[in-house]
Structures are given as C-alpha cells and as structure tokens.
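What follows is a single structure, written as structure tokens, with notes after it.
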Amino acid sequence: MILTTGSAGFIGSNFVLDWFEVSDEPIVNLDKLTYAGNLNNLASLKGNSKHVFVKGDIGDFELVSKLLDEYKPRAVVNFAAESHVDRSIHGPEDFIQTNIVGTFHLLEAVRAYWGRLPPEEQAVFRFLHVSTDEVYGSLGKEDPAFRETNRYEPNSPYSASKAASDHLVRAYHHTYGLPVLTTNCSNNYGPYHFPEKLIPLCIHNALTGKPLPIYGDGQQIRDWLYVKDHCSAIRRVLEAGQLGEVYNVGGWNEKANLDVVNTLCEILDELSPRADGQSYKTQITFVTDRLGHDRRYAIDASKLERELGWKPAETFETGIRKTVQWYLDHQDWVGNVTSGAYREWLGVQYGG
Ligand code: NAD
Ligand code: DAU
C-alpha cells in the first residue's frame, strides 16, 4: 500500500481517484482537512475498503509514525501544502508551518520508519514530494522554459516555502540516503479545483453573474496542465524515477491569463449561454495586480519524456472544455464549497 498526504485537496483527490482506476493497491490518505480539503471529492470511494482516510497533520510526528508502522506503505506521496499564492501574501504563517515545518516533521517520521525496514523493503521504498514550478521564479518573454537545473528564485511566501521544502527533501537524500523523488509541476486545472484559483473562480463567477477579476493587465503567462496528466506523471515517476532526481512536469501550454479567461467565456457562451444573449466576456473586470506577481512560468518537461516516456494526454483545448463541462455538471459540488468561509476570503481579496 501507499500513503498519500493532502489527498482531500484538488490534485491529491484526483490522484487517489485515478489510482483506483488503474490499480487495486490500497491507499492511506492523511489530510488535515483545511478549508481546501473536501471529503466530497472522494465521495465515490465510500465503502471502498482499499481507501483509508485519516484526518491529521503531516507535522504530527507521532501520528505519522503510528500510521507508517501500522500500514507499512511502500511509498509516501506528499501533496499536503498550503497552495494559494494570494493567501500566502495575506498571511504567510500557515505556509511556513505546513510547507516547511510540516514537511520537516513528515520527513523525520519517514526517515525513522525507513531506517526500521528490512534491507529489501528499504530498497524499494520511495518518498515522492509534489512541488511547483514557482520555485524557479519568473521568466522574461524570450527566456527558455524552466529546466531542472535552473536556480531557485522563489518570489512569494508560498513559493519560498515550497522551495524550502524541496531543499529539505533533497538534503534528506544527500545526507541520510532517504530514497526521494521530487516533481515540479506547472499550473493544474480540472475537476475538484477549489474556486479561489483563476479557472474555477472565473467559471463560478461567470455563472453567478459576478465580475471575472483579471489582475493587472492580464498578460501574465502560466503553463497549464490538465490535472489527470499531472497524476499520470506522478505515477510514472513513482514507478521508474531515479532516486534523488527532480522531474519537471508541464503541459507545453503557455497562455496569458486574459486569453484563458476569454476561452472560458467562449466555451460557456456555447454550452450555457447567458439569458440576455450577451457574452460572458462582458463580465471581465481588471483589478489591482497581485503583489510581486510573477510574469511568466514555462516548464520544459523534456527530461520526463526522454527518460521515463511520459507525455500529457490532453491539449489545453480538450482539457479546458472537459473542465467547463465538469463544473456545469457539478454545480452541487461548487455550492457546497462556496460556503461562509469562502465568501469571507472573497471579501478579503476582492473587497465588497
Ligand atoms: P489544495 O490546496 O487544493 O490541497 C491541499 C490539501 O492539503 C488539502 O486537502 C488540505 O486539507 C491538505 N493540507 C493542508 N495542510 C495540511 C497539513 N498540515 N497536513 C495534512 N494535510 C494538509 O492544493 P493542490 O492544488 O491540490 O496542490 C497539491 C500539491 O501540489 C501542493 O503541494 C502544491 O504545492 C502542489 N502543486 C500544485 C499545483 C496547482 O496548480 N494546484 C501545481 C504544482 C504543484
Ligand atoms: O504554477 C504552479 C502553481 O499554480 C501552484 O504551485 C499553486 O499551488 C497554484 O495555486 C497555481 O498558482 P497561481 O498563482 O499561478 O494560480 P492562480 O489560479 O491563483 O492564478 C493564476 C494566474 O491568474 C496568476 O497569474 C494570477 C491570476 N489571477 C488569479 C486570480 C485568483 C487573476 O488574474 N485573477 C484572479 O482572481
């Protein structure tokens, strides 16, 4: 069996759901259930004895040690993190606590467990750390895409905390020989994406007649990857990645934010037209820019393709259409997550 952390969140829950489509190996899923964790994401696994959910913190050394000794996983996949850049700007503390201190305690528990395993189990054990392209900083228009050898230049409290966790993971391999793997991925989108992030926020706001907030001039570039492609990349790295190595994961889909939102509006105009016949584009509203906003991210995922044969299955065009359709079909899920706490956040970030 494997142990995953943070798998009631967006990417982790997609990973668990996809895992059971291709494998019958059990999963223990440890998640603190912060505002971003949602057991409804895993509702289809109700009654599946191969999925064990445990509410708890990756920073709880005793709990993690107990789970490791009880379930004896052959791998740990660490998704758990505070993940929203804007929240890290308003309040970095939780990011330092979970992403740095939490990862440290998790690594300590895993190191001790790994040290107790017999040699043949030690040899196959893996700790896979899920990280982000944001650790590499911001690119100029003509710069080549991020490679695994780029230096770390994180610019937000979020990316700095993820960078610190990547360094800890690297150090545990170098110093203690812990068998680690790290993936640094670009922006994900798809089902179960919490509607505080650009794509699900704009779909939700469009359908509820609210402004579609574009920070600054909307020309910041992100490299978008359909979440299921990220999940397949993680499975592949877990299966065949070289110990201590880092793999960049991306979709070769660089898009300016304004173009992404225009595309969303066009798909919504087609699939769920406004009653007044106007385009959703009329709801686009330019708002104050994010502090320290990174201008461009782009991932060079050629190492993963060359060494492990992984390629994304979706283009942006196919993935974004599936995503909009998913939100149209799952308005009940959106209704459940856009609770009081969610509305409070909108007040903090966008005012009013
Ligand atoms: P998310 O915010 O949707 O989910 C995070 C999950 O972690 C939630 O279920 C939350 O309850 C849980 N969690 C938070 N603190 C915890 C703690 N201390 N102990 C246990 N669980 C805790 O995040 P996501 O978008 O699914 O991202 C998952 C991982 O992938 C993160 O490490 C993130 O940095 C990384 N990543 C995200 C993206 C993206 O585009 N979303 C891209 C690249 C990398
Ligand atoms: O690059 C990977 C990262 O992608 C992950 O590590 C993060 O966990 C994930 O949240 C995401 O970070 P971003 O900051 O890129 O995602 P977000 O959806 O918050 O913003 C995407 C772009 O859209 C960014 O340039 C900011 C802009 N934006 C965002 C919001 C919420 C807007 O213009 N308006 C908005 O209201």
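Under the combined filter of DSSP loop state and at most 16 neighbouring Cβ atoms within 10 Å, the stretch 12-110 retains these trypsin sites (Lys or Arg not before Pro): Lys46, Lys50, Arg74.
How much of the DSSP bridge set in the chain is antiparallel, in percent, rounded to the nearest 5? Beta bridges within the chain, antiparallel portion: roughly 10 percent. Taking a ≥ b ≥ c as the square roots of the eigenvalues of the alpha carbon gyration tensor, the stretch 7-57 is prolate, as a/c is not under 1.5 and a/b beats b/c. Centroid-to-centroid, using Cα positions, the stretch 227-270 and the stretch 56-73 are 30 Å apart. Note on Lys55: aspartates and glutamates with a C-alpha under 19 Å away, same-chain residues under 8 apart excluded, are Asp31, Asp69, Glu70, Glu82, Asp94. Sort the stretch 263-321 into rounded, prolate or oblate with this rule: let a ≥ b ≥ c be the square roots of the eigenvalues of the Cα gyration tensor; rounded if a/c is under 1.5, and if a/c is not under 1.5, prolate when a/b is larger than b/c, oblate otherwise. Judged from the Cα gyration tensor, the stretch 263-321 comes out oblate (a/c at least 1.5, b/c at or above a/b). Counting only protein heavy atoms and a 1.4 Å probe, the chain has 42 square angstrom of accessible area per residue. Sequence-distant contacts, meaning Cα pairs under 8 Å at least 6 residues apart, place the relative contact order of the stretch 1-133 at 28 percent.
Gaussian network model of the chain, Cα springs within a sub-10 Å range: biggest mean-square fluctuation belongs to which of Ile199, Ile267, Ile96? Its mean-square fluctuation being the largest, the pick is Ile267. Between amide H atoms placed 1.01 Å from N, distances below 5 Å from Tyr247 occur with Thr182, Thr183, Asn184, all of them 5 or more places distant or on a separate chain. 3J(HN,Hα) couplings calculated from phi for the stretch 52-67 with the Karplus curve 6.51 cos²θ - 1.76 cosθ + 1.60 (θ = phi - 60°) are, in sequence order, 10, 9, 10, 7, x, 9, 5, x, 8, 4, 5, 4, 4, 4, 5, 5 Hz; Gly and Pro show x.
Spherically averaged projected area of the convex hull of Cα atoms, the chain: 17.1 nm². In the stretch 141-263, the portion of solvent-accessible area held by carbon and sulfur atoms comes to 48 percent [1.4 Å probe, whole percent, DNA, RNA and ligands not counted]. Pairs from the list Lys46/Lys228; Lys50/Lys322; Lys197/Lys281; Lys32/Lys255; Lys228/Lys255; Lys46/Lys162 with a Cα-Cα gap above 25 Å: Lys50/Lys322; Lys32/Lys255; Lys46/Lys162.
The values are calculated or read from the model by the stated rules, or taken from the named source; none is laboratory data. Please read these numbers as outputs of a predicted model, since none were measured by experiment. All Cβ positions, glycine included, derive from the backbone under ideal geometry; neighbour counts span all protein chains shown. What goes into the accessible areas is simple: the full protein's heavy atoms, side chains included, and nothing from ligands, DNA or RNA. Shrake-Rupley method; radii C 1.70, N 1.55, O 1.52, S 1.80 Å.
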